[in-house]
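The values are calculated or read from the model by the stated rules, or taken from the named source; none is laboratory data. This is a predicted model, so every value here is computed, not measured. Positions of Cβ are backbone-derived with ideal geometry, glycine not excepted, and every protein chain shown enters the neighbour counts. When the accessible area is computed, the model is the full protein with side chains, heavy atoms only, and any ligands, DNA or RNA have been set aside. Shrake-Rupley method; radii C 1.70, N 1.55, O 1.52, S 1.80 Å.
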Amino acid sequence: MRHLMSPLDFSVEELDQLLDLANDIEKHPEKYAHACDGKKLATLFYEPSTRTRLSFEAAMMNLGGNIFGFSSAASSSAAKGESVSDTIRMISCYADICAMRHPKEGAPMVASAVSSIPVINAGDGGHQHPTQTLTDLLTIRSLKGRLNHLVIGLCGDLKFGRTVHSLVRALARYENVTFVFISPEELKIPSYIKEDVLESSHIPYKEVERIEDVMPVLDILYMTRVQRERFFNEEDYVRLKNFYILNNKKMKLAKEDMIVMHPLPRVNEISVEVDKDPRAAYFRQVQYGVYVRMALILTLLEVKVC
Ligand code: CP
């Protein structure tokens with residue numbers, strides 16, 4: 001039995017297979033409509049979510065399966081003090097697979113150690129968000145045609161942004177990918193990512209503060225919101241929340257085939273005027289998230305569709 005805690009749990013070859021499966025689902029959804037008949041997915045969300053929880057639920061429903069779960073710690077017995085380990089022991093009796101989001105780093109890993117069903121990390125604190133990374137990889141491969149030979153700019157809250165941490169780890173495995181980290185001093189990418197993931201493998205990166213300085217060289221601009229819920233004080237959040245606002249004026253500096261991605265939700269960091277730009281890919285990214293989660297459920301449940 002396999003779990004998914006980190007995008008690195010899959011080899012590059014396994015990831016290719018998963019993304020191929022997602023592309024096949026996109027082209028032939030009818031082939032998969034009963035692939036999970038009689039199976040149940042539990043969504044255990046101790047933290048708020050719109051996309052991840054609902055796209056997991058849509059994915060399982062598209063496969064013919066059933067769903068149940070909770071959408072906040074307050075509406076589960078966690079509010080009475082039940083541990084994650086005990087909760088997953090119960091859920092293992094009810095469901096075939098589960099997706100867990102938790103504010104504490106490592107909570108899904110704790111669950112996986114005692115679970116008898118596959119556990120998917122649907123985001124743990126500021127640590128990792130592997131299914132967002134699968135979504136991002138599918139989006140990039142589908143829209144750019146490759147996962148190598150890319151210059152990717154990651155902009156905004158690179159300190160707390162778990163989607164950024166997971167995506168850097170995943171893309172670092174492909175040839176000739178250059179990272180440009182665009183952030184204010186206080187929200188820089190953590191040193192452990194620079195040292196353990198990039199420098200140790202001689203992967204090029206640079207850090208800048210002004211988005212305008214690097215727009216012309218980017219193949220992908222990955223915007224992120226400043227994460228209010230991870231700040232220790234409101235004053236710092238208010239000072240930094242509007243540091244970057246992508247607008248049409250800045251988009252004029254970019255390549256004609258650059259794509260703009262965002263894991264969403266957006267707050268102010270992308271002006272709504274950019275939504276009409278054909279390079280804005282963030283709503284297409286959401287659709288790819290459903291296909292890739294369908295492919296992931298099939299893979300972890302070892303369901304084969306001919
Ligand atoms: N991208 C993402 O994780 O969105 P939600 O927080 O709405 O799930």
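Candidates are the residues of the stretch 275-298 that are under 23 Å from Thr133 (Cα atoms) and more than 18 Å from the chain's Cα centre (by Cα); the one that is nearest to the ligand (Cβ to nearest atom) is Asp275. All conditions but one from (1) in a helix (DSSP H, G or I); (2) surrounded by 16 or more Cβ atoms within 10 Å (Cβ to Cβ) apply to Val226; the one that does not is (1).
Taken over the stretch 143-182, the criterion of being open to solvent by 40 Å² or more (accessible area, probe 1.4 Å), closer than 26 Å to Ala59 by Cβ and either within 16 Å of the ligand (Cβ to nearest atom) or within 16 Å of the chain's Cα centre (by Cα) (or both) is satisfied by Arg169 alone.
Among the residues of the stretch 38-64, those identified as open to solvent by 30 Å² or more (accessible area, probe 1.4 Å) and away from the ligand (no atom under 12 Å from the Cβ) are Gly38, Lys39, Lys40, Ala58, Met61, Asn62.
Yes or no: the stretch 108-126 includes at least one residue that is part of a helix (DSSP H, G or I) and either open to solvent by less than 10 Å² (accessible area, probe 1.4 Å) or within 16 Å of the ligand (Cβ to nearest atom) (or both).
Looking for residues that are part of a helix (DSSP H, G or I) and either open to solvent by less than 10 Å² (accessible area, probe 1.4 Å) or within 16 Å of the ligand (Cβ to nearest atom) (or both), one finds at least one in the stretch 108-126, hence yes.
Mind listing just one residue for me: the one in the stretch 205-222 that is part of a helix (DSSP H, G or I) and of a type in the set (A, V, I, L, M) and, of those, farthest from Gly156 (Cα to Cα)? Step by step, filter the stretch 205-222, then rank; the result is Val217. The residues in the stretch 252-266 that are closer than 16 Å to Gly156 by Cβ and surrounded by 13 or more Cβ atoms within 10 Å (Cβ to Cβ) can be counted, and the count is 6.
Would a scan of the stretch 282-295 turn up a residue that is farther than 30 Å from Leu41 by Cβ and not hydroxyl-bearing (Ser, Thr, Tyr)? Looking through the stretch 282-295, none of the residues is farther than 30 Å from Leu41 by Cβ and not hydroxyl-bearing (Ser, Thr, Tyr). Can you say whether Met90 is over 30 Å from Asp24 (Cα atoms), open to solvent by 40 Å² or more (accessible area, probe 1.4 Å), part of a helix (DSSP H, G or I) and away from the ligand (no atom under 16 Å from the Cβ), as far as the supplied structure shows? Yes: the conditions hold for Met90. In the stretch 230-248 there is at least one residue that is within 16 Å of the ligand (Cβ to nearest atom) and surrounded by 14 or more Cβ atoms within 10 Å (Cβ to Cβ). Taken over the stretch 263-291, residues that are in contact with a Lys or Arg (Cβ under 7 Å, 6 or more places away or on another chain) and part of a helix (DSSP H, G or I) amount to 2.
For every residue, the table says whether it meets (1) in contact (Cβ under 8 Å) with a residue 12 or more places away in the chain; (2) not in a strand (DSSP E or B); (3) not small (Gly, Ala, Ser).
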| position | (1), (2), (3) |
| --- | --- |
| Thr163 | yes, yes, yes |
| Ala170 | yes, yes, no |
| Tyr174 | yes, yes, yes |
| Val180 | yes, no, yes |
| Glu186 | yes, yes, yes |
| Ile189 | yes, yes, yes |
| Leu198 | yes, yes, yes |
| Ile203 | yes, yes, yes |
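Among residues of the stretch 71-87 being under 25 Å from the mean Cα position of the chain (by Cα) and surrounded by fewer than 18 Cβ atoms within 10 Å (Cβ to Cβ), the one that is farthest from Arg53 (Cα to Cα) is Ser85.
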